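Asks: Take this structure first; my questions come after.
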Amino acid sequence: MITIRVSKKFFLVVAVVIGLMATGAIYAAWNTSGSGNGYAKAATASALTIGDASASTTADLYPGSTGAVKLKVTNPNPFAVRITTVAKQASGTITSDKGAACNASTGVTFTDQTGLALDVAGGATSTFTLSGAVSMTNASDNSCQGAIFTIPVDVTGASN
Amino acid sequence: MRRRFLPLLVVVVAAGLLAGGAAAAWALSRSGPGAAKAKTLAVGSQPTASVQGHKVTVTWTATSFTTGGAAPGYVIRRYNVATGVGVGATNGCSGTLTVLTCTETGVVSGSWQYTVTPAAGTNWRGPESPKSAVVVV
């Protein structure tokens, strides 16, 4: 049996290089622009889809109350995604299906939601309930009774 | 410099793998619609009215939203039977009430009927109740 003797310094350098190579290999598996030609099935993250959740809403808002927001998310990726933040779009306006009079004074405000853990499995569609995420002021117009409100939000998450 | 450094090699490679895993996490964001729905006030319940001099006491039962939950308030109206003209009740029955009875004082002589309209907030109003039986002051 042949014994090869190497210095401690050389050994550490080799170890670090192997570690970095392992890192690159995994990264390439997820990143289309990464190196790693051997990974033909390298994944490309597709955008989530936020669908119409109005059919699943429950009427719970009235002047002076808080209510829930429904959020329907489709994850087209093969991996699970965890949504951590849902925030109202800065330039977005909350509208209703009741027309101009209600839209002029919905009285509805959305409270940004952080620290969430809403998991959507790969290839799945999930509908989430954000309890207490909206409130309605006493100024809500009379025509807003029974209205379904559309709340433009930004959803942020990461592969899980 | 042989096997005693094997554990070190394992640690370094494992660290590399962990670092790679972190780098592989996709940050995803998307804009879209959330949805919420408002309640609807149900019709007010027909009140009863009783007279004592120029005071009329009006009593009614609670009204719920159509999907449940009591209406937060009520508005009372008084109708002149002869003319059919209605006005908001006054003195003791004015404004939005959060109780189920009130007594209007100083009612002028005549024949009157009362109604109850569920209310929520400044603007929400439900369908007005049927009129009470006629009371003569």
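Residue-by-condition table, conditions (1) out of contact with any Pro (no Cβ under 9 Å at 6 or more places or on another chain); (2) at negative phi; (3) not hydrophobic (A, V, I, L, M, F, W, C):
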site: A:113; (1), (2), (3): yes, yes, yes
site: A:116; (1), (2), (3): yes, yes, no
site: A:123; (1), (2), (3): no, no, yes
site: A:128; (1), (2), (3): yes, yes, no
site: A:141; (1), (2), (3): yes, yes, yes
site: A:146; (1), (2), (3): yes, no, yes
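Asks: Tally time: how many residues in the stretch B:109-123 are within 14 Å of another protein chain (Cβ to nearest Cβ), assigned to a strand (DSSP E or B) and out of contact with any Asp or Glu (no Cβ under 8 Å at 6 or more places or on another chain)? Full working, then the answer.
Replies: We begin by selecting, within the stretch B:109-123, every residue within 14 Å of another protein chain (Cβ to nearest Cβ); these are B:117-123.
With the extra rule that they be assigned to a strand (DSSP E or B), the set shrinks to B:117-120.
Keeping just the survivors that are out of contact with any Asp or Glu (no Cβ under 8 Å at 6 or more places or on another chain) gives B:118-120.
Final tally of qualifying residues: 3.
Asks: While we're here: Somewhere in the stretch A:148-156, is a residue outside any strand (DSSP E or B), assigned by TED's automatic domain parsing to the domain that holds residue A:64, farther than 21 Å from residue A:58 by Cβ and under 22 Å from the mean Cα position of the chain (by Cα)? Let's see the steps before the verdict.
Replies: In the first step, residues of the stretch A:148-156 are kept if they are outside any strand (DSSP E or B); the result is none.
No; the residues of the stretch A:148-156 include none that is outside any strand (DSSP E or B), assigned by TED's automatic domain parsing to the domain that holds residue A:64, farther than 21 Å from residue A:58 by Cβ and under 22 Å from the mean Cα position of the chain (by Cα).
Asks: Now, a different point. Return the residue satisfying two criteria in turn: it lies in the stretch B:88-107 and is of a type in the set (A, V, I, L, M, F, W, C) and under 22 Å from residue B:62 (Cα atoms), and of such residues it is surrounded by the fewest Cβ atoms within 10 Å (Cβ to Cβ).
Replies: As a first pass, look at the stretch B:88-107 and keep what is of a type in the set (A, V, I, L, M, F, W, C): B:89, B:93, B:97, B:99-100, B:102, B:107.
Of the ones still in play, those that are also under 22 Å from residue B:62 (Cα atoms) are B:89, B:93, B:97, B:99-100, B:102.
Details: B:89: 24, B:93: 23, B:97: 19, B:99: 9, B:100: 15, B:102: 22.
My answer is B:99.
Asks: Please count how many residues of the stretch A:94-134 are closer than 16 Å to residue B:37 by Cα and in contact (Cβ under 8 Å) with a residue 12 or more places away in the chain. Before the answer, list the steps.
Replies: Step one: filter the stretch A:94-134 for residues closer than 16 Å to residue B:37 by Cα, giving A:94-99, A:102-103, A:105-111, A:127-134.
Adding the requirement that they be in contact (Cβ under 8 Å) with a residue 12 or more places away in the chain leaves A:94-99, A:102, A:105-111, A:127-134.
Selection size over the stretch A:94-134: 22.
Asks: On to the next question. Could you check how many residues of the stretch B:26-53 are farther than 22 Å from residue B:103 by Cα, polar (S, T, N, Q) and either buried (at least 20 other Cβ atoms within 10 Å of the Cβ) or within 18 Å of the chain's Cα centre (by Cα) (or both)?
Replies: So the answer is 1.
The values are calculated or read from the model by the stated rules, or taken from the named source; none is laboratory data. Quick caveat: nothing in here was measured; it's all calculated off a predicted structure. Glycine also receives a Cβ, built like all others from the backbone with ideal geometry; neighbour counts cover every protein chain displayed.
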